[in-house]
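First comes the structure, then the notes that go with it.
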Amino acid sequence: MQILDGLLISQHIKDALKLQVAQLVTEGKKVPHLAAVLVGNNGASETYVNAKVKACAETGFKSTLIRLEDTISENRLLNVIGELNTDIDVDGILVQLPLPKHISDEKVINAIDISKDVDGFHPISIGKMVQGISTFVPATPHGIMLLLEHYKIDTRGMHAVVVGRSNIVGRPISILLSSNTNPGNCTVTICHSQTKNLRELCLQADLIVAALGKPEFLTGDMVKENAIIIDVGITRVPDASKKSGFALKGDVKFSEVAPKCSYITPVPGGVGPMTIAALMKNTFKACIDKN
Ligand code: NDP
C-alpha cells in the first residue's frame, strides 16, 4: 500500500507556481490576485478560507479576504460579486460555500464572471469541462486528477466507483475519470443515497472516490484487494482528546481499508491540500489568460 501524499505533492505544485510568479515579477507583470468572500463565521469555512489565503502568501499571489455578516442580503452579496467582477486587479473570485440559507448558491455562482470563476462552479465552466474544452475545473476533482497524474497511476480501463453526486465533487470527478485523458479513461459508476447494492458495486471497483461526507463509511469489507482509494470526506467529529475539541475524519475507515488497497489518500493530508493547490493553479491560469 502506498500513501498518495497530498501534502507533499501540493507543496511541489505551490513551489512551481512560486517560481512562475517570481518570473512574472521579473518581467514587470502583475501577480495573480485571488479575492475570497466569506459570509458568516462557520468554523470549517473559516479554516478553509484561511488555508487558501495562506497558500496565496506562500506562492507570492495577492489575496483579498472579504468578510461579510451572515445577515447580508442576497442583493448586497451580488453587488459585492459585481464589484469584484469589474475590478481589473482581481483575477479569481472564490465564494466559500455553504452560504446562509436565505442566499441562493446558484444565483451567487452564476453571478461570477466566468473569466474569474477559479472554483469552476459556473454552469459555463462545467459545460466546457464536460465537453473537454479548456476551462477552470472545480478544485477538488482537479486536485484528485493532479494527484493521480503525479503518481503516474494508469487508470485506463479501470472501473471507478464514485460515491456522491454533488456538483462540486461527485459529478465533476465522475466526468473527469470517464474522459478520454490520462488519467481518465475509466468506466464510471456514480452512486448516491438511493443506490442499491452499494457494497457490491464498491467491491467491483478498481478505484473508489468516497465523497459523501459520512465519517468512516467505506469499510474494509466494501473494498477489493489492490483497489485505489480516494477519500474526499472531511467531517469534524467531537474528540475531547484534541485541543480543538474535534478530529477530522474521512469517509474511509482507514485502518481497515489501507491494508487491502494499492494506493490511498489520508485524511488529513490527502485531497484537502490538493484542492488548495488546484485552486492556486486555476488562479494562476486566470491571471495568465487575461494578459
Ligand atoms: P454533499 O452533501 O453535497 O453530497 C454528498 C453526496 O453523497 C450526495 O450525492 C448524497 O446522495 C451522497 N450520499 C449521502 N449519503 C450516502 C450514502 N449513505 N450512500 C451513498 N451516497 C450517499 O457533499 P459534498 O460533495 O460537498 O462533500 C462530500 C464530502 O467531501 C464532505 O465530507 C465534504 O466536507 C468533503 N469535501 C472535501 C473537500 C476537500 O477539499 N477535501 C472539498 C469538498 C468537499 P444524494 O445526492 O442522494 O443526497
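Give the residue that is nearest to residue 176 (Cα to Cα), with candidates limited to residues of region 73-123 that are in contact with a strand residue (DSSP E or B) (Cβ under 6 Å, 6 or more places away or on another chain) and without any contact (Cβ under 8 Å) to a residue 40 or more places away in the chain. By that ranking, first place goes to 112. Contact map, region 150-176: residues that are more than 27 Å from residue 94 (Cβ to Cβ) paired with residues that are part of a helix (DSSP H, G or I), Cβ distance under 7 Å, separation 6+ or inter-chain. Pairs shown: 155/148; 155/177; 160/177; 161/201; 161/202.
Name the pairs whose Cβ atoms lie under 7 Å apart, with the first residue in region 39-50 and part of a helix (DSSP H, G or I), the second within 11 Å of the ligand (Cβ to nearest atom) and among the β-branched types (Val, Ile, Thr), and 6 or more positions between them or separate chains? Once the first residue is part of a helix (DSSP H, G or I) and sits in region 39-50, no partner that is within 11 Å of the ligand (Cβ to nearest atom) and among the β-branched types (Val, Ile, Thr) comes close enough.
Among the listed residues 29, 14, which satisfies the condition of being touching a residue at least 40 places away in the same chain (Cβ under 8 Å), of a type in the set (Lys, Arg) and within 29 Å of residue 247 (Cβ to Cβ)?
Working: 29 fails: within 29 Å of residue 247 (Cβ to Cβ).
Exactly one residue qualifies, and that residue is 14.
For region 52-65, the criterion of a residue being at pLDDT 95 or above, farther than 30 Å from residue 229 by Cα and part of a helix (DSSP H, G or I) is satisfied by at least one position. Among the conditions (1) out of contact with any Gly (no Cβ under 6 Å at 6 or more places or on another chain); (2) over 30 Å from residue 262 (Cα atoms); (3) more than 16 Å from the ligand (Cβ to nearest atom), the only one that residue 116 does not satisfy is (1). Residues in region 250-271 that are buried (at least 24 other Cβ atoms within 10 Å of the Cβ) and closer than 12 Å to residue 9 by Cβ were compared, and the one that is nearest to the ligand (Cβ to nearest atom) is 271.
Taking the stated definitions as given, is residue 77 crowded, with 17+ Cβ neighbours inside 10 Å and either under 21 Å from residue 146 (Cβ atoms) or aliphatic (A, V, I, L, M) (or both)? Criteria met by residue 77. Of the helices (runs of 4 or more DSSP H) entirely within region 91-166, those holding at least 3 residues that are farther than 17 Å from residue 76 by Cα occupy 123-130, 139-150. Of all residues in region 249-261, which are part of a loop (DSSP other than H, G, I, E, B) and over 17 Å from the mean Cα position of the chain (by Cα)? Once the filter is applied, which keeps residues that are part of a loop (DSSP other than H, G, I, E, B) and over 17 Å from the mean Cα position of the chain (by Cα), region 249-261 yields 253, 258, 259, 260, 261.
Of all the criteria given as (1) of a type in the set (Gly, Ala, Ser); (2) within 13 Å of the ligand (Cβ to nearest atom); (3) within 30 Å of residue 91 (Cβ to Cβ), the one not satisfied by residue 286 is (2). All of (1) outside any loop (DSSP other than H, G, I, E, B); (2) surrounded by fewer than 16 Cβ atoms within 10 Å (Cβ to Cβ) hold for residue 70 with one exception: (1). If only residues of region 34-54 that are of a type in the set (S, T, N, Q) and more than 14 Å from residue 69 (Cα to Cα) are counted, the one that is nearest to the ligand (Cβ to nearest atom) is 47.
The values are calculated or read from the model by the stated rules, or taken from the named source; none is laboratory data. The structure presented is a predicted model; accordingly, all values stated were derived computationally and were not measured. For neighbour counting, all protein chains shown are included, and Cβ atoms are generated from backbone atoms with ideal geometry for every residue, glycine included.
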